[in-house]
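Since the structure comes first, as structure tokens, the remarks are kept for the end.
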Amino acid sequence: MTAVTEGQTHPAKEGSAPDQQTVFDAAVAADERIEPRDWMPDAYRASLVRQIAQHAHSEIIGMQPEANWITRAPSLRRKAILMAKVQDEAGHGLYLYSAAETLGTSREELLDKLHAGRQKYSSIFNYPTLTWADVGAIGWLVDGAAITNQVPICRCSYGPYARAMVRICKEESFHQRQGFESLLALSQGTPEQHAMAQDAVNRWWWPSLMMFGPPDDESSHSAQSMQWKIKRHSNDELRQRFVDIAVPQAKALGLTLPDPDLRWNEERGHHDFGAIDWAEFWDVLKGNGPCNDQRITQRRRAHEEGAWVRDAAAAYASKHRKTKGEAA
Amino acid sequence: MTATSVARTAALALGDDALVLSHRLGEWAGHAPVLEEEVALANIALDLLGQARILLSLVGDEDELAYLREERAFRNLQLVEQPNGDFAHTIARQLFFSTYQHLLYGRLAAGDGEFAPLAAKAVKETEYHRDHAEQWTLRLGDGTEESHARMQRAVDTLWRFTGEPFQPVEGLAEAPLVEEEWLASVTTVLERATLTVPEGPRTGAWAAGAGRQGLHTEPFGRMIAEMQHLHRSHPGATW
């Protein structure tokens, strides 16, 4: 990969549109990074904003199901780990909204769209965390699936997004390990704890597989994103990669995966797995999941109830800017 | 390392303060007014939880102490157990407590007592906590009409809990000594924030001094019921 330093612009910036397109295409083809001030096709920009916004929204909505257990964490060590994890997710949201800002879209604008239901977040967060073991299962499976999806984005053609992902993936890998370790403690604990862990894995397994998105032939944005090198692998490829990683891990945990059709296929060199219930996926995506209303209502409420705080900060800043200006 | 019996009383008092306030701040997760505050409040909560774990471990098993004591055995100040309320209440609570903690740990760090090493680290953390609370007190007090009113109400409401931190605690002779500095520091911040320093008493018949004796306010029982429920439901389990 050719390194392009931050802020560097591609030479044909001043040229006519077809030239710019040619330069852009060549940069993408050469695996160079597109930077904020480079010319880019409008559709590329729009596609990135859509994807980065969805990712940022997923981080901040994703805080909710786990924060649900902070006040009930069963040991102080687990409580510290969980608070740090939820804090990381807020931090990821910040990097990602900043990455979107480099494309000319403000955080405020994106949050408004989220609150109005005009932009999406990962459907996985529309499932509830019913027991403590769900925190471990989210770490192991949901963060595991997220890492599988996100590691290739570290090589995404858009520089700020790729760089944000490098940092995020490092933290996600810590999240995934703590989830695995937490589930292991439960699995090897009392019979009640073991049952709690198995129940959580049973509920989170299929939704985790859905996180990779619809099958390749039904994925509306995939082909163009692959061409632009925003996306590097197809949904089905990544899903297969995740299953192959998860199966031996489940064995190490002493837990089973709720799929009678799951078995190693010698010929393919991969695990075969059962049919995913895509009707459920589309239904949750449309807003009919167990927690869609709850998640968005809480997000809206936090935003609305915080309005006076943000207004106060803005008023204070403007007053003191003025005072400074008058003094000068 | 375990502490001497005199220091145990003090470690429990300081440890419970940190444990309980950390828990309250943890309740903000997913509800903060702006994303930066999700990060900041969690950061402060984590610092406090770290302090609590060290202090409680001087006394015994941190989890047994946190999860298996009854309400009357907790030694935290009533100030830190007060519900979050709106953001102004949380900030007023932060200002009052972090100023106290910062001054106290400053003294402890300068001394050669059992808490000096812990205090040396904590004093840096509490400096940030205090600064965070001060910056927000200024913004809310000197922001909009609404934020000013809310901040004043929060300061007024919590004022009666601010005498308690300076009651003598066994093994913590420094606590009463920082009261004057505390009042001066808080007064300066409130005045800069265009807020009125309340005239009401800083101690009430019940309020101040009671938490250190194990007398708490009603919301505290509910708080620890939630905190302890899962741990208590699985006796002897490890997590």
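Of note:
- Distant-in-sequence amide H partners of residue A:34 (H built 1.01 Å from N, under 5 Å): A:158, A:159
- Using only the C-alpha atoms, the convex hull of segment B:5-233 corresponds to 111 Å³ per residue.
- Structure remark: mean-square fluctuation, Gaussian network model of chain A, C-alpha springs under 10 Å; the largest value among A:65, A:74, A:128 belongs to A:74.
- Rounded to the nearest 20 debye, the dipole magnitude of segment B:5-233 is 300 debye, with +1 charges on Lys and Arg beta carbons, -1 on Asp and Glu beta carbons, and the Cα centre as origin.
- Inter-part distance, segment A:144-162 to segment B:18-52, computed on C-alpha centroids, equals 29 Å.
- Sites matching trypsin sites (Lys or Arg not before Pro) across segment A:172-252 that sit in DSSP coil, with at most 12 neighbouring C-beta atoms within 10 Å: none
- For segment B:17-27, the Karplus equation 6.51 cos²θ - 1.76 cosθ + 1.60, evaluated at θ = phi - 60°, returns couplings of 3, 5, 4, 6, 5, 4, 4, 4, 5, x, 5 Hz by residue, with Gly and Pro reported as x.
- Percentage relative contact order, chain A, counting C-alpha pairs under 8 Å, at least six apart: 16
- Under Stokes-Einstein, with the Kirkwood radius over Cα pairs as Rh, the value for the protein assembly as shown at 10 °C and 1.306 mPa s is 61 µm²/s.
- Secondary-structure-derived ellipticity at 222 nm for chain B, considering helices only, amounts to -21500 deg cm²/dmol, per-run term -39500 (n - 2.57) for DSSP H runs with n ≥ 4.
- Take the Cα of residue A:25, step 7 Å toward its Cβ, do the same at residue A:266, and the gap between the two points is 4.8 nm.
- Between the amide H of residue A:270 and those of A:265, distances stay under 5 Å, these residues lying 5 or more places away or on another chain, with hydrogens modeled in the peptide plane.
- Rh by Kirkwood over Cα pairs, then Stokes-Einstein D for segment A:264-328 at 1.002 mPa s and 20 °C, µm²/s: 125
- Within chain B, the longest segment free of exposed loop sites, counting GluC sites (Glu not before Pro) that fall outside DSSP classes H, G, I, E and B and have at most 12 other Cβ atoms within 10 Å, spans B:71-198.
- At most 10 other Cβ within 10 Å, DSSP loop - GluC sites (Glu not before Pro), segment A:212-308: A:266, A:267
- Given charges at Cβ of Lys, Arg, Asp, Glu: the protein assembly as shown dipole, positive-most of B:120, A:276, B:231: B:120
- The phi torsions of segment B:45-62, fed into the Karplus equation with coefficients 6.51, -1.76 and 1.60 and a -60° offset, translate into couplings of 4, 5, 4, 5, 5, x, 4, 4, 5, 5, 5, 5, 5, 5, 9, x, 7, 4 Hz, rounded to whole numbers, with Gly and Pro shown as x.
- A convex hull fitted to the Cα coordinates of chain A yields 175 cubic angstrom per residue.
- Applying the criteria of a DSSP loop state and at most 13 other Cβ atoms within 10 Å to the trypsin sites (Lys or Arg not before Pro) of segment A:100-157 yields A:118.
- Centre separation in Å (Cα based) which lies between segment B:98-117 and segment A:249-328: 41
- Computed over segment B:141-221, the P(r) tail beyond 16 angstrom holds 59 percent of alpha carbon pairs.
Read-outs throughout are calculated quantities, based only on the coordinates presented, and are distinct from any laboratory measurement. The model shown is predicted, which means the values in this text are computed figures rather than measured ones. When we count neighbours, we look across all protein chains shown, and the Cβ atoms used for this are built from the backbone with ideal geometry, even at glycine.
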